[in-house]
Structure formats: C-alpha cells, structure tokens
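Peer 1: Okay, handing you the structure first.
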Ligand SMILES: [Zn+2]
C-alpha cells in the first residue's frame, strides 16, 4: 500500500507530498453530476472483528472476490475515510468532510491527525472558497471534521461561502449525547458553523435539487441518511454508513461495531441494497477502500461488488 513506486505527488505547504495509491483522488460522472472522491486516509490490514464483532477472517475469505481489492489474502480488511464532492449546475457540494486535523478524539487513530486532505481537495481542482454546500449523512466524528479548520486559537468554517445542511434531529441527537467525544465534535466542528450563521436544517427525505435526494436510512445513527443521485438516465447511491465495507453486500446481516440500533441498521441496509439492485444504481461506498465505486452483481440472494474505477485526478 505504501510502495513508493505506487505514489503520486500532491503539493502541500512544505512541498510535494507522496500520496499512497489508496489515497489518490478519483472522479466519476453520473448524468450531469461530477463526483470526486477526496481521501483523508486509507488503512489496510485491519482484523475484521475490530470493526465487525460477528465477522472473522474465514467469513471474509469465504467471498474470494473481495481479495485483493477490498481484503488481503489473510482475510484482513481495508477501510477508507473520504469525502465525495458533487458538482452540478454551478454547485459544489462536499458530502461528509471526514475527521479533520488537530482534533482531540476518543479513538487514537482519529486524534490529532495531520493529513493533507485540504491540499488534496485543492489538487483535485476544488477551491474551498467555491464550495456552495456541505452535507452530512450523519454527525459521527469521521463525517464532520473538515467543516472547520484551525485559525490561531479558533475553529473557523473551512468553506466560508457554503451552507451547511444538517438533517433534522441529527443535530439534536449529537447535542443530547452525554460523552466527551460528542461535546468536542460539537464544539470544534459544529458550533463554529452555527456561530457563523451558515447552518440550515433539512428533512431526512429532502429533495436537494438537480437530481439529489436524501433518503432516511436510520440505524447507524437515528437520523442517518443516504444520498440518491438521479441525473439523465443515470442513478447512483452514496451509502453513508448504512454499509461500511463491500463484504456486507454478501453478508448484509453483519453489523458494524458502532451501529446505534443494530436491527434498524440491518433493515435499512437490506432496503437500500434491494433498491440499488432493482435500479441498477452505481454504488458509492463512503468507507469502501481502494475501489469505492461499483455495481451490485447478483450472487444467489445477495451480491458481489464489481468495481467501476474512476478517472484519477490531482
Ligand atoms: Zn463513518
């Protein structure tokens, strides 16, 4: 994954930064909508039970199509944190702006990050000042952070010209959580947006215009949404955290470690997969590593994932 022959250069504040192959930006076209994946981090070699308590290496290796793209030969998984940037009709929309740099967080691998995410965004041709909207499938730590950035002692909006749309109820749910991580996420990633007057609330089934539509997929969090993109003849689905890894297409009953309501998350996963299959949708996996975009191929009563590689950018 970090083989230096497999790197590309991104320009950071201190000069060129080598980008591992799994962290390169890529671009897809869905009708009139251009979608760019900008990666914050990709991690390989994760034992399945670390993220999915009911999964093990044998379960993963029972689906040989996962190897080598989404799992290694030992049955360990890779996982990515990325934002999808959607551009259509003059709008530039950042969906799920990752963890962010320099935050104190409960889990060490999200704490005090120093990644070149913003440099990658710029290298992909996306100026933070040109972003018109920021959307969130939910308000977990890895879906909100780059909404703000550090300036001196203050956290300020990264996208000062954008409207940040928070799904009804999800903001109240974050505020209601009585733990240090939720308080810190609210303080450094959400409150500065509220203070700047950039926040708007939006319904769980909102029509966002230009073929973009939220659909409620509760369970991972109470107000979790997925995003449908319908443009021309093309249909695409951004999963959010309804589905965390392509192996769940073959094992949809397996829950992620932090699913808030496991049964409800399972129902949402079943429903959204059935709809994506029925509509032959392009599926964009928010945490899917390596090849995050593809199509569902029937495999008995479940599915395999067939990658649809994007055009490399940046
Ligand atoms: Zn997540």
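Rule-based calculations on the coordinates, nothing more; no lab input. Bear in mind that the values here come from a model prediction, so they are computed numbers and not experimental data. A quick note on method: Cβ atoms are made from the backbone with ideal geometry, for glycine too, and the neighbour counts reach across all protein chains shown.
Peer 1: GNM on the chain, C-alpha springs below 10 Å: top fluctuator among 75, 285, 90?
Peer 2: Comparing 75, 285, 90 in the GNM, the peak value goes to 90.
Peer 1: Subtract the Cα-Cα distance of residue 127 and residue 172 from 0.36 nm times their separation in residues, and report this length gain in nm to one decimal.
Peer 2: Answer, rounded to one decimal: 13.1 nm.
Peer 1: Here is a follow-up. Let's test this: bin the Cα-Cα distances of the chain at 10 Å from zero up to the farthest pair and state each bin's percent.
Peer 2: Spelled out per bin, shortest first, that is 6, 28, 38, 23, 4, 0.
Peer 1: Calculated FRET efficiency, residue 251 and residue 195, Cβ-Cβ r, R0 41 Å, to nearest 0.05?
Peer 2: Working from the Cβ atoms, E equals 0.40.
Peer 1: Add -39500 (n - 2.57) for each DSSP H run of 4 or more in the chain, then divide by its residues: what number comes out at 222 nm, to the nearest 500 deg cm²/dmol?
Peer 2: Taken over the chain, the calculation gives -4500 deg cm²/dmol.
Peer 1: Could you work out the relative contact order of segment 4-309? I mean the mean sequence separation of Cα pairs under 8 Å and 6+ apart, divided by the number of residues, in percent.
Peer 2: 16
Peer 1: If you wrap a convex hull around the alpha carbons of segment 227-314, what volume per residue comes out, as a whole number of Å³?
Peer 2: For segment 227-314, the hull spanned by Cα atoms encloses 108 Å³ per residue.
Peer 1: Peptides 104-110, 118-124: what's the order by average Cβ count within 10 Å, highest mean first?
Peer 2: 118-124, 104-110
Peer 1: A follow-up question, please. GNM on the chain, C-alpha springs below 10 Å: top fluctuator among 253, 154, 215?
Peer 2: 154
Peer 1: Sort 269-278, 195-204 by the packing proxy (mean of other Cβ within 10 Å over each peptide's residues), most packed first.
Peer 2: Packing order, densest peptide first, comes out as 269-278, 195-204.
Peer 1: Here is a follow-up. Of the beta bridges DSSP finds with both residues in segment 4-309, what % are antiparallel, to the nearest 5?
Peer 2: Taking every DSSP beta bridge with both residues in segment 4-309, the antiparallel ones total about 80 percent.
Peer 1: If I model a spin label as a point 7 Å beyond the Cα along the Cα-Cβ vector, how far apart are those points for residue 205 and residue 109 in nm?
Peer 2: It works out to 3.7 nm between the two label points.
Peer 1: To continue, here is another question. How much length is gained if the chain between residue 61 and residue 43 is pulled fully straight, taking 0.36 nm per residue apart and subtracting their Cα-Cα distance, in nm to one decimal?
Peer 2: 4.6 nm
Peer 1: Which of 256, 288 has the fewest other C-beta atoms within 10 Å, and how do the rest follow up to the most?
Peer 2: The most exposed by this proxy come first: 256, 288.
Peer 1: If you don't mind, there's one more thing I want to ask. Can you tell which of 185, 126, 46 shows the greatest fluctuation in a Gaussian network model of the chain with Cα springs below 10 Å?
Peer 2: Greatest mean-square fluctuation among the candidates belongs to 46.
Peer 1: Further, regarding this structure: If you wrap segment 110-242's Cα atoms in a convex hull and average its projection over all directions, what's the area in nm²?
Peer 2: For the Cα atoms of segment 110-242, the hull's average projected area reads 8.8 nm².
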